[in-house]
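Where a number appears in this text, it was derived from the coordinates with a stated rule and is not lab data. No experiment lies behind these values; they were computed from the predicted model shown. Cβ: placed from backbone, ideal geometry, glycine included. Neighbour counts: every protein chain shown.
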């Protein structure tokens with residue numbers, strides 16, 4: 001098994017956090033993993049990406065051109081990555097910020113009203129974790145329980161309210177599909 005994942009959004013949408021979370025979960029499940037985070041000079045609003053490779057074997061190179069799946073949080077991300085996804089791949093996109101109709105017929109698209117759902121939970125910042133829940137359910141690469149533990153760990157320095165919000169966001173995303 002090998003899964004190449006691209007995460008992309010604008011600065012402030014938690015793309016780097018999401019990449020770190022996925023990579024840590026893969027390591028916890030004794031998988032080989034590479035993570036390359038990338039972000040613009042702007043603190044908020046610039047393009048932000050994470051490239052993750054997860055495998056049951058050693059990974060020869062952390063660099064890849066064609067991901068198997070992608071989580072895309074806004075229109076410039078869709079514009080940049082839609083054509084690079086492997087055939088039979090998966091794009092999970094934030095339909096509140098991606099406005100173009102998906103063009104390819106050889107991949108699966110899952111639109112998620114991530115911003116709207118996060119607002120309903122009480123915090124727009126939870127949109128990335130909702131998307132993670134959807135990805136976990138569809139790809140079955142890392143386990144739900146592993147992600148839940150990682151969320152508890154990564155947010156342990158925050159308030160219990162922040163941890164609970166992110167656990168609810170994960171659960172909501174997981175049960176959307």
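A convex hull fitted around the alpha carbon atoms of the stretch 17-97 yields 110 Å³ per residue. For the chain, pairs of C-alpha atoms spaced more than 29 angstrom apart make up 12 percent of the total. Sorting 162, 63, 177 from the fewest to the most surrounding beta carbons within 10 angstrom yields 63, 177, 162. Here the stretch 2-174 carries DSSP beta bridges of which approximately 55% are antiparallel, counting only pairs with both residues inside.
Based on the alpha-carbon gyration tensor of the stretch 137-177 and its eigenvalue square roots a ≥ b ≥ c, which shape applies: rounded if a/c is under 1.5, prolate if not and a/b is larger than b/c, or oblate? Since a/c reaches 1.5 but b/c is at least a/b, the shape of the stretch 137-177 is classed as oblate. How much FRET efficiency would the formula 1/(1 + (r/R0)^6) give for residue 158 and residue 137, where r is the Cβ-Cβ distance and R0 is 35 Å, rounded to 0.05? Efficiency, rounded to the nearest 0.05: 0.90.
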